[in-house]
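Notes for the one structure printed next.
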Amino acid sequence: MAELAPAAERGRTTIADKVVSRVASIAAAEMEAVVDTRSGWTKLVRKGLPHADAVVAGGTTRITVEVAATWPTPLSRLAAQVRDHVTSRVVDLTGTQVSRVDVTVADVVHLETAARRVV
């Protein structure tokens, strides 16, 4: 069998900004306290969240993420967890290095519980 040329000589792989944005949005939605408002009735009354925008330059990526959080969630802790999770998933799935992830909690959603309160 013929030996392969070194990887640098065989070509290059380009990951589009839109792909990284989608990976980041899905990663943010994986978080327990993040509400996905991109479908169902919530899409009609709220902005579709989580939403991410990414800029890929060379081998590095800069990402901005907007999420909706459930009430009551410590927002600064959630933002840090989203930042870490999005960074990890983007690096694992795209192979690009993440230089920055800015997280904005754009909405807080109070989910109704099935239990009734008795006074």
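A few points about this structure:
- Between helix 75-94 and the chain: long-axis angle, C-alpha atoms, 0 to 90°, nearest 10: 30 degrees
- Amide H contacts under 5 Å for Val108: Ala69, restricted to partners 5 or more places along the chain or on a different chain, H placed in the peptide plane at 1.01 Å from N.
- Nearest-ten-degree value, helix 17-29 long axis tilted from longest Cα axis of the chain: 40 degrees
- Among Ala52, Ala33, Ala106, residue whose mean-square fluctuation peaks in a GNM of the chain (springs only between Cα atoms under 10 Å): Ala106
- Exposure check, 1.4 Å probe, all protein chains in place: Leu49 carries approximately 0 Å² of accessible surface.
- Each Lys and Arg contributes +1 and each Asp and Glu -1, all at the Cβ; summed about the Cα centre of the stretch 14-109, the dipole is approximately 180 debye.
- Distance distribution note for the chain: the fraction of Cα pairs above 24 angstrom is 38%.
- Note on the chain: with a GNM built from Cα contacts shorter than 10 Å, the maximum mean-square fluctuation among Thr14, Thr70, Thr104 falls on Thr14.
- Across Ser39, Ser21, the residue with the most accessible area heads the list, and the full order at a 1.4 Å probe is Ser39, Ser21.
- Among Thr64, Thr37, Thr13, the largest mean-square fluctuation in a Gaussian network model of the chain, built with springs joining Cα atoms closer than 10 Å, belongs to Thr13.
- Per-residue [θ]222 nm for the chain (sum of -39500 (n - 2.57) over DSSP H runs n ≥ 4, rounded to 500): -10000 deg cm²/dmol
- Close amide H contacts of Arg38 (hydrogens built in the peptide plane, cut-off under 5 Å, sequence separation of 5 or more or a different chain): Leu49.
The values are calculated or read from the model by the stated rules, or taken from the named source; none is laboratory data. None of these values were measured; they are calculated from a predicted model. Positions of Cβ are backbone-derived with ideal geometry, glycine not excepted, and every protein chain shown enters the neighbour counts. Heads up: the accessible areas ignore ligands, DNA and RNA and are worked out on the full protein's heavy atoms, side chains in. Shrake-Rupley method; radii C 1.70, N 1.55, O 1.52, S 1.80 Å.
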